[in-house]
Structure formats: structure tokens, C-alpha cells
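Report on one structure; see the data block that follows.
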Amino acid sequence: MRLLKWMWENFKVGINPGTWMRNYGYSKHVDKFILTALENPKFEYGNPYTQYDNVIKLNGVTVWVGNYPYAYGYLYNRSQVGMPSRKTVVKLKKALDAHIVKEVIKGTGNV
């Protein structure tokens with residue numbers, strides 16, 4: 001059953017034309033960081049060092065979350081080292097969306 005779930009998740013990502021084009025190349029180090037961070041995520045919003053609203057801090061590291069899925073998930077700093085895998089980008093988006101919904105329901109305003 002786990003094999004079928006794994007195959008289905010990869011199939012869904014692979015057939016989505018939106019995931020075919022990306023602004024940056026794949027980085028296994030970024031992918032590993034994002035996957036590890038998503039095991040126990042701590043999201044913070046905004047970045048005082050940039051004028052962009054498309055960044056979050058994921059466990060203390062600034063991550064670009066704009067332009068889904070083309071640039072979504074790369075580590076936002078002066079040297080773009082790459083992006084996580086397409087599948088990890090989808091996981092990051094789902095986790096962040098779920099967090100935003102939870103914050104809105106709680107009414108904390110931390111979104």
C-alpha cells in the first residue's frame with residue numbers, strides 16, 4: 001500500500017505541467033533541509049530585510065514562498081543554491097496552507 005501511495009504522489013506531481021518549469025535547479029541539500037524542517041515546522045511571517053511579502057521563516061531560515069511552483073521553496077538569500085524537489089515543494093505548500101488556515105481559525109492574526 002505504501003508503494004502505491006508513493007507512486008500516486010509522484011504521478012500527481014509528474015503530470016502537473018505547472019511543476020515542469022522552475023526558476024532554479026534542484027539542490028539535494030535544500031530538499032533535505034525542507035523535508036527535515038517539515039517534520040516539526042515553525043513558521044514565522046515577514047522579513048525585515050526585504051520589501052517582499054513572499055518570504056517566510058521556516059525554523060529560522062528565510063524561504064521564498066512566492067511564484068508557486070516555479071520558485072517556491074528556495075532559500076532566500078543572496079546566493080541562490082537551488083530548490084527542493086517538486087514533490088517537496090508540494091509538501092511545503094500544503095504544510096504552509098494548513099498552518100495559515102489553523103492561524104485564521106484560532107484568530108491569532110499571525111498570517
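Assorted remarks:
- Checking each residue in region 88-108 for being polar (S, T, N, Q) and under 8 Å from the mean Cα position of the chain (by Cα) picks out only THR88.
- For region 5-61, a residue qualifies if it is of a type in the set (Gly, Ala, Ser) and either touching a Leu at 6+ places or on another chain (Cβ under 6 Å) or modelled with pLDDT of 75 or more (or both), and the qualifying residues are GLY25, SER27, ALA37, GLY60.
- Residue within region 80-88 that is modelled with pLDDT of 85 or more, among the basic types (Lys, Arg) and under 18 Å from GLU9 (Cβ atoms) present: yes
The values are calculated or read from the model by the stated rules, or taken from the named source; none is laboratory data. Model, not experiment: these values are computed from the prediction. Here Cβ is always computed from backbone atoms with ideal geometry, including for glycine, and neighbour counts include all displayed protein chains.
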